[in-house]
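Here is the structure we will look at.
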Amino acid sequence: MRKGFLFLVLLFFVQLGFAQTYSIIDSRAIKLHEQGDELVKQRKYDEALEKYQASINREANFLESYIKMGRVLLTKGLSQDALSIVERGEKRPSKASNKVKAELGWLKMHIYLAQGEFQKAIRKFDEVDLILDENFRKTYDYQQNQEQVIFLKNHLEKSLTISKEKLPEPVNDFKLQYFPVLTADSKKLLFTKRDGLEEYQKEDIYVTYLDESGLNWSDPISISANINTAFNEGTCSISADGNILIFTSCDAADSFGSCDLYVAYKVNGAWQRPQNMGKNVNSRSWDSQPSLSADGSILFFSSNRRGGYGGNDIWYSVRLPNGAWSEAKNLGDQINTPKDEVSPFIYFNNEILFFASNGHRGFGGMDLFVSRVEKGEFTKPENMGYPINDHQDQFSLFITAQRDYAYYTESIYKEGKVERSYLYRFEFPEEITLGEKLVVSEGKVLNGKTGLPIEAKLSLVSLSNDSTMYQFKSDGKTGEFMMLYPDKSFSGLYVEKDGYLPKIFNVERDSLKNRRNLEISLVPIASGEEFVFENIFFDFDKDELKPESLSSLVRLYEFLQKNTQVKIRILGHTDNVGSETYNQNLSQRRAESVEKYLLSKGIKKERLIPIGKGDKEPIRPNDTPENRALNRRITISIQ
């Protein structure tokens with residue numbers, strides 16, 4: 001539990017004012033006790049403890065000193081010492097009033113809360129509740145604690161079953177490692193590394209790779225000399241394909257404030273020099289803890305800049321078509337509170353946001369929450385429950401695209417301060433829904449003539465509404481790409497590169513899901529070259545284009561707009577069901593439907609030649625429904 005929270009607990013106890021008179025009459029002991037109270041007001045806690053101990057040494061039945069000593073120890077983060085003091089006080093023979101007994105029990109309840117002993121805290125509340133003063137029951141403080149107990153009871157009744165495991169060496173070899181993030185294939189793990197908390201011990205971003213067995217991580221290494229510098233670099237986020245990195249750097253020469261967000265791109269296998277994300281994203285205040293959406297289009301981060309609702313709020317920025325980033329906006333009071341919201345993580349489907357907060361009802365300190373996008377708005381956050389959340393601070397959650405594991409940071413505290421931190425993971429519980437399953441596909445884009453790698457754009461498009469769900473690039477040096485997308489059957493993949501014919505896939509029909517060695521060949525634009533114009537749909541025996549054809553039609557139009565000298569033949573094909581004459585006429589009408597769309601968009605008629613091929617040129621034997629479906633197609637040929 002955070003020390004700042006414990007100080008608030010101390011103030012809370014002081015303000016209760018249960019006992020203004022004392023259970024003893026020894027004036028010397030009382031004077032020592034009151035000297036301790038004055039020292040507490042000055043936050044001289046160690047000196048105050050000495051005074052309370054001296055008063056107890058003089059009068060062993062002085063319960064008020066046991067209580068005050070326990071409060072100070074709890075404030076210092078020494079909950080076990082506080083519990084020992086309280087239990088010593090409980091054993092003293094005393095004729096204390098119900099107010100003193102209630103105050104002692106109330107303190108013990110808070111000690112149990114600080115230790116994560118929630119069942120004991122609930123039982124102690126129920127016990128003390130019977131002797132609390134009626135006026136105190138009407139206070140805001142009592143009502144908040146009562147609601148906390150109800151919250152704990154409800155969540156403990158539906159506790160999740162998880163098993164936390166510390167990542168094996170060599171990953172956890174540093175004194176501090178935190179904020180883990182992974183690429184979509186879960187084979188590349190990035191984290192922030194620090195050797196200690198001294199000023200000269202700076203943060204750096206390190207990376208480790210999972211071997212082919214899926215069991216062992218490589219020795220962590222610095223991500224790049226272009227990224228890590230003499231300043232602090234850490235709390236990063238990476239796009240699903242591993243080619244866009246956004247990270248925090250503090251006190252750099254070009255920063256707007258104490259900590260700013262920077263972006264770096266991987267080109268031909270190497271990280272380029274990072275750039276400050278600019279004034280639209282950064283401010284004079286603290287800007288950190290980024291989370292980039294899977295396709296790199298939306299950035300969430302935490303900031304304490306002006307215009308928010310509390311200390312740290314979650315903000316977001318959208319990548320514009322020209323590559324710049326929009327002016328950051330606050331995520332709103334559905335997510336943000338007067339306290340702190342940090343460590344956002346937008347899940348791979350761009351529809352579920354996880355974050356840490358001490359402003360929403362939780363178990364203590366920072367808890368993890370989840371909010372979902374419904375009708376374009378984030379829903380009311382839900383606590384992720386016990387034991388994902390407990391009495392300590394929880395943050396830096398990352399859930400894999402395969403939704404098998406959640407990675408997070410767990411810290412060891414000493415007197416309320418972080419002493420060590422490690423990377424952990426647990427199997428992600430099915431009770432927390434993550435929407436449709438995601439599919440990860442990998443492969444290469446190559447020049448169909450030379451076999452050389454190509455840097456191409458890959459777009460995953462929903463055919464039902466022509467919306468681009470994800471967009472990725474292949475690496476110009478290796479041709480490699482990695483993409484992920486929802487497990488929806490009705491989506492198309494468009495692979496495009498200036499100077500080349502596009503490649504169009506139907507994800508379901510072409511069996512692209514979870515492919516690991518998908519090879520895509522792009523052919524340079526030249527006379528006589530052609531490609532299958534996938535995702536053009538007609539009803540059976542009809543020639544009207546269905547609405548789901550729009551995404552492919554738009555891309556053909558854009559191709560012709562970019563390549564103004566290109567003329568094409570639009571070739572219609574059918575299966576062999578029906579007469580030869582009928583199929584010839586149907587294929588001609590379907591080709592003319594594509595021509596009609598392009599003419600409506602302003603493409604000149606002399607650049608378009610619709611031709612019906614009927615059933616003369618099948619690409620599969622017409623012996624199964626699946627093969628006949630493949631033969632019913634539109635092909636584009638360059639004149």
Cα-based convex hull, region 93-224, per residue volume (Å³, whole number): 223
Cα-centre dipole for region 438-638 with unit charges at Cβ (Lys and Arg positive, Asp and Glu negative), debye to 20: 460
Considering only the other residues whose Cβ falls under 14 Å of the Cβ of residue 256, what net charge follows from Lys and Arg at +1 and Asp and Glu at -1? -1
Quick check on region 488-603: what does the Kirkwood estimate of hydrodynamic radius come out to from the alpha carbon pairs, in Å? 15.6
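Any of 41/202; 542/616; 444/497 with alpha carbons more than 24 Å apart? Name them for me.
41/202
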The chain - charge dipole about Cα centre, Lys and Arg +1 at Cβ, Asp and Glu -1, debye rounded to 20: 720
Rg/Rg_globular for region 3-157, with Rg_globular taken as 2.2 N^0.38 Å and Rg from C-alpha atoms: 1.00
Three-way shape call for region 34-121 based on the alpha-carbon gyration tensor, with the a/c threshold at 1.5: oblate
Report the local net charge at residue 571: Lys and Arg +1, Asp and Glu -1, summed over other residues whose C-beta lies under 9 Å from its C-beta. +1
Under 5 Å, built H, 5+ apart or other chain: amide partners of residue 470: 460
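222 nm [θ] for the chain, helices only, -39500 (n - 2.57) per DSSP H run of 4+, per residue, to 500?
Mean residue ellipticity, 222 nm, calculated: -8000 deg cm²/dmol.
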Rg from C-alpha atoms of region 164-427, normalised by the globular rule of thumb 2.2 N^0.38 Å, equals 0.94
Show me the chymotrypsin sites (Phe, Trp or Tyr not before Pro) within region 105-210 that DSSP assigns to loop and that have at most 16 other Cβ atoms within 10 Å of their Cβ. 200
Lone cysteines, the chain (no partner Cβ under 4.7 Å): 236
Treating cross-link reach as a plain straight distance, find the aspartates and glutamates whose alpha-carbon is under 15 Å from the alpha-carbon of residue 193, omitting any fewer than eight places away in the same chain. 169, 173, 203, 204, 219, 233, 410, 419
Mind grabbing the base-10 log of I(q)/I(0) for region 538-639 at q = 0.23 Å⁻¹? Debye formula, identical points on the C-alpha positions, no solvent, two decimal places. -1.21
Simple spin-label model, 7 Å along Cα-to-Cβ: residue 464 to residue 213 in nm? 4.4
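Please go through region 461-569 and write out the GluC sites (Glu not before Pro) that DSSP classes as loop and that have at most 15 other C-beta atoms within 10 Å.
Here the GluC sites (Glu not before Pro) that fit, given the DSSP loop and packing criteria, are 508, 529, 544.
Throw me the Rg/Rh for the chain, computed over C-alpha atoms with Kirkwood Rh, two decimals.
We get a ratio of 1.12 for the chain.
Please compare each pair in 138/414; 68/339; 44/101; 279/562; 437/601 to a cut-off of 31 Å on the Cα-Cα distance and tell me which ones are over it. Can you show the working numbers first?
Numbers: 138/414 36 Å; 68/339 27 Å; 44/101 27 Å; 279/562 33 Å; 437/601 37 Å.
Going by Cα-Cα distance, 138/414; 279/562; 437/601 fall outside the 31 Å limit.
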Pairwise label distance in nanometres, residue 418 with residue 147, each label 7 Å out on the Cα-Cβ vector: 2.9
Looking at the square roots a ≥ b ≥ c of the eigenvalues of the Cα gyration tensor of region 438-638, which shape do they give, rounded for a/c under 1.5, prolate if a/b is larger than b/c, or oblate? prolate
Among 536, 311, 463, whose Cα sits farthest toward the positive end of the charge dipole of the chain (+1 at Cβ of Lys/Arg, -1 at Cβ of Asp/Glu, about the Cα centre)? 311
Residue-count net charge about residue 615 - beta-carbon cut-off 10 Å; Lys, Arg +1, Asp, Glu -1: +1
Sequence order, region 256-267: Karplus ³J(HN,Hα) from phi using 6.51 cos²θ - 1.76 cosθ + 1.60, θ = phi - 60°, Hz rounded, Gly and Pro as x, gives 8, x, 5, 9, 10, 9, 10, 10, 9, 10, 8, 10
Loop-located chymotrypsin sites (Phe, Trp or Tyr not before Pro) in region 500-593, at most 11 other Cβ atoms within 10 Å (DSSP): 540
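No lab work stands behind these numbers, since they all come straight from the coordinates. Since the model is a prediction, treat every value here as computed from it, not as a measurement. Cβ sites come from the backbone with ideal geometry, for glycine too, and all protein chains shown count toward neighbours.
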